[in-house]
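Step one of this worksheet: look at the structure below.
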Amino acid sequence: MTEEKSRKAGKIPFPLYFVIAAAVVGLDQLTKYLVLKNLTSVSTVPLIKNVLHLTYVENRGAAFGMLSNNRWVFMIISSLVIVVMTAYIVINRRGGVLGNVAVAFVLGGGIGNMIDRIWRGFVVDFIDFRLINFYVFNAADSFVCVGCGLLIFVLIRNELAARRAKKNRPAEGDGDGR
């Protein structure tokens, strides 16, 4: 296998990362649409009693309801993150698949929640994991968290690989003196 073929192996064309981000937005908006159509009148529906419920919540804050009623601050920060993530995908075309998929997850989740903030003035949350008394969240939040977790994993993996490569590299001056 030539070096060029090897480099291309396992890579996804960068426009596909935007398709992944768009799919995240679509899934997020579909779930929120279904929640708005079916859950606002009943408030909560237990899927697994006292463990996992679907609960309608209007989140006017940041992640998990923090800093409520600061909509414009979050819209500005979210816009900046969306621009940075988009630029990263475009610039990092040869980056690893896992890292770029992680960025696409964060991008799609950020856009999904931004749509809510712009159109509704709040983010629709509905996943209520009661087993550990956690905040109510949504699909976009899940993708952002999974994407961030994957990014951390990729960064640690890459750092460890770089350290191993540096450790295994022969020191300068080593060799046969030619």
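The values are calculated or read from the model by the stated rules, or taken from the named source; none is laboratory data. Keep in mind that this is a model prediction, so the values were computed, not measured. Every residue, glycine among them, receives a Cβ derived from its backbone with ideal geometry; neighbour counts consider all protein chains shown.
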So, I132, is that one among the aliphatic types (A, V, I, L, M) and in contact (Cβ under 8 Å) with a residue 40 or more places away in the chain or not?
no
Of the residues in segment 94-148 that are more than 17 Å from the chain's Cα centre (by Cα) and part of a helix (DSSP H, G or I), the one that is surrounded by the fewest Cβ atoms within 10 Å (Cβ to Cβ) is I132
Check: Does S43 fit the bill of being exposed (fewer than 14 other Cβ atoms within 10 Å of the Cβ), modelled with pLDDT under 95 and in contact with a Ser or Thr (Cβ under 9 Å, 6 or more places away or on another chain)?
Finding: yes
